[in-house]
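Each remark here refers to the structure printed beneath this line.
The values are calculated or read from the model by the stated rules, or taken from the named source; none is laboratory data. The shown structure was predicted, so the numbers you read here are calculated from the model rather than taken from an experiment. All Cβ positions, glycine included, derive from the backbone under ideal geometry; neighbour counts span all protein chains shown. Ligands, DNA and RNA are stripped out before the accessible areas are found, and what is left, the full protein with its side chains, is counted by its heavy atoms. Shrake-Rupley method; radii C 1.70, N 1.55, O 1.52, S 1.80 Å.
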Amino acid sequence: MGSNLRLSSSLITFTLWVILLITITTTTTSAQLSTNFYSKSCPDLFPTVKSVVHSAIAKEARMGASLLRLFFHDCFVNGCDGSILLDDTSSFTGEKRAAPNANSVRGFDVIDQIKSAVEKACPGVVSCADVLAVTARDSVSILGGPYWNVKLGRRDARTASQAAANSSIPPPTSNLNALISSFNAVGLSAKEMVVLSGSHTIGQARCTSFRPRIYNETNIDASFAQTRKNNCPSRTGSGDNNLAPLDLQSPTFFDNNYYKNLIANKGLLHSDQQLFNGGSTDSNVKAYANSQSSFAADFVAAMIKMGDIRPLTGSNGETRKNCRRVNN
Ligand code: HEM
Ligand SMILES: *[C@@H]1O[C@H](CO)[C@@H](O)[C@H](O)[C@H]1NC(C)=O
Ligand SMILES: *[C@@H]1O[C@H](CO)[C@@H](O)[C@H](O)[C@H]1NC(C)=O
């Protein structure tokens, strides 16, 4: 009788442990992102976002590039939490005036339009961080790139960090080692850095971002450098905001020409040409230049991984009503 009682009490203890373990596992799983996160709460999310992105790109093709870059600059700074969207106020300094963003990142009005349309369809449901993730996917796909299922369930930060934006987003003056370390710092490999840099197959850069390269570097095609100098004066302060396409061949089409340019020493940014300059990533560049399909497949996988960087989930953070400011 006594030993029977001991047996059943240890059985109860065991069962309790199993229940506890299952609870922990389920909690951890629910704190992860999923592709069907809003399928019940906001069934029209995808067509709603896509339609606004589509009109914005129809109006200005470059906008697709600008929207894709917003997601990168959000995710690299304390995770994909919509922090880049917060406006500065008299008592709050956000990320918009950080060095990599000031006079450079754009598309905030389009994000506002998308968020308004989404709020109309399902008020208070979809986070701004998730709006950025879907918007980035649609931008790539509308400009002729691959399509993928976006993982969702991120929540919005109530804070932002200008210091982290300054230090976490690599500048175009970076050498290969610095580029690799800044991607390693958020859990992305050198190869993922190379494939995500293929985003520079679309969009524009300012003269100030590539001036030292076109005037002073030797690993650059001479006639390409001359063409760029024609619209980017050597003197600092003169023509700083003049634009040039990151991919000289097809700046509004998402293809693998970026890598072909690098092999021809026609990378626009110093950081671009670092990926093909006799170092460890030359082989990745050659592979993506030779295969549009391996570029597309690896790009999709790396975008999904970038979207997984430290999201706020569950009851952390909030679902902002207006992407520019925290809820009251
Ligand atoms: C590897 C390190 C990277 C560096 C150093 C870098 C740097 C830059 C710079 C300097 C510009 C031009 C900004 C200006 O002159 O105003 C730019 C533009 C752009 N970047 Fe990157 N970038 C990197 C990686 C990425 C990644 C991973 C993505 C996306 C996943 C991305 C997407 C873009 C896009 C689409 C543009 C054009 C934006 C527009 O036209 O508005 N970049 N980048
Ligand atoms: C970030 O960089 C900007 C521009 O260089 C600078 O004005 C600002 O003070 C920096 N902020 C922090 C917190 O380091
Ligand atoms: C090129 O290098 C020289 C010598 O270091 C420097 O004085 C000049 O400012 C550089 N020019 C540009 C456009 O970076």
> Do you know which residues across segment 228-269 are of a type in the set (Phe, Trp, Tyr) and open to solvent by less than 40 Å² (accessible area, probe 1.4 Å)?
Replying inline: Phe254, Tyr258, Tyr259
> Hey, Arg137 hits all of (1) under 23 Å from Asp298 (Cα atoms); (2) surrounded by fewer than 23 Cβ atoms within 10 Å (Cβ to Cβ) but one; which does it fall short on?
Replying inline: (2)
> So, of the residues in segment 46-92 that are in a loop (DSSP other than H, G, I, E, B) and open to solvent by 30 Å² or more (accessible area, probe 1.4 Å), which turns out to be nearest to Leu312 (Cα to Cα)?
Replying inline: Asn78
> In segment 270-280, which residue that is open to solvent by less than 40 Å² (accessible area, probe 1.4 Å) and in a loop (DSSP other than H, G, I, E, B) is nearest to Asn103 (Cα to Cα)?
Replying inline: Leu275
>> If I ask for residues that are out of contact with any Lys or Arg (no Cβ under 8 Å at 6 or more places or on another chain), open to solvent by 10 Å² or more (accessible area, probe 1.4 Å) and within 13 Å of ligand 2 (Cβ to nearest atom), which ones from segment 97-115 would you list?
In response: Arg97, Ala99, Pro100
> Would you say Leu85 is within 14 Å of the chain's Cα centre (by Cα) and at pLDDT 95 or above?
Replying inline: yes
>> I'm checking my understanding of the structure. Among residues of segment 194-214 that are touching a Leu at 6+ places or on another chain (Cβ under 7 Å) and open to solvent by 50 Å² or more (accessible area, probe 1.4 Å), which one is nearest to ligand 1 (Cβ to nearest atom)?
In response: Gln204
> When you scan segment 302-328, how many residues do you find that are under 15 Å from Leu33 (Cβ atoms) and part of a helix (DSSP H, G or I)?
Replying inline: 5
> Would it be correct to say that Gly307 is in contact (Cβ under 8 Å) with a residue 60 or more places away in the chain, within 30 Å of Thr159 (Cβ to Cβ) and open to solvent by less than 30 Å² (accessible area, probe 1.4 Å)?
Replying inline: yes
> In this structure, is Leu179 more than 16 Å from ligand 2 (Cβ to nearest atom), under 30 Å from Val52 (Cβ atoms) and aliphatic (A, V, I, L, M)?
Replying inline: no
> Among the residues of segment 93-110, is there at least one that is within 16 Å of ligand 1 (Cβ to nearest atom), in a helix (DSSP H, G or I) and in contact with a helix residue (DSSP H, G or I) (Cβ under 8 Å, 6 or more places away or on another chain)?
Replying inline: yes
> What is the one condition in (1) within 18 Å of Ala296 (Cα to Cα); (2) open to solvent by less than 20 Å² (accessible area, probe 1.4 Å) that Lys191 does not satisfy?
Replying inline: (2)
>> I want to confirm something. Restricting to segment 215-261 and keeping residues that are β-branched (Val, Ile, Thr) and more than 15 Å from ligand 1 (Cβ to nearest atom), which single residue is farthest from Leu68 (Cα to Cα)?
In response: Thr218
> touching a strand residue (DSSP E or B) at 6+ places or on another chain (Cβ under 7 Å) and either surrounded by 16 or more Cβ atoms within 10 Å (Cβ to Cβ) or of a type in the set (Asp, Glu) (or both): does that describe Gly153?
Replying inline: yes
> Do you know which residues across segment 58-82 are within 14 Å of ligand 2 (Cβ to nearest atom) and closer than 19 Å to Asp109 by Cβ?
Replying inline: His73
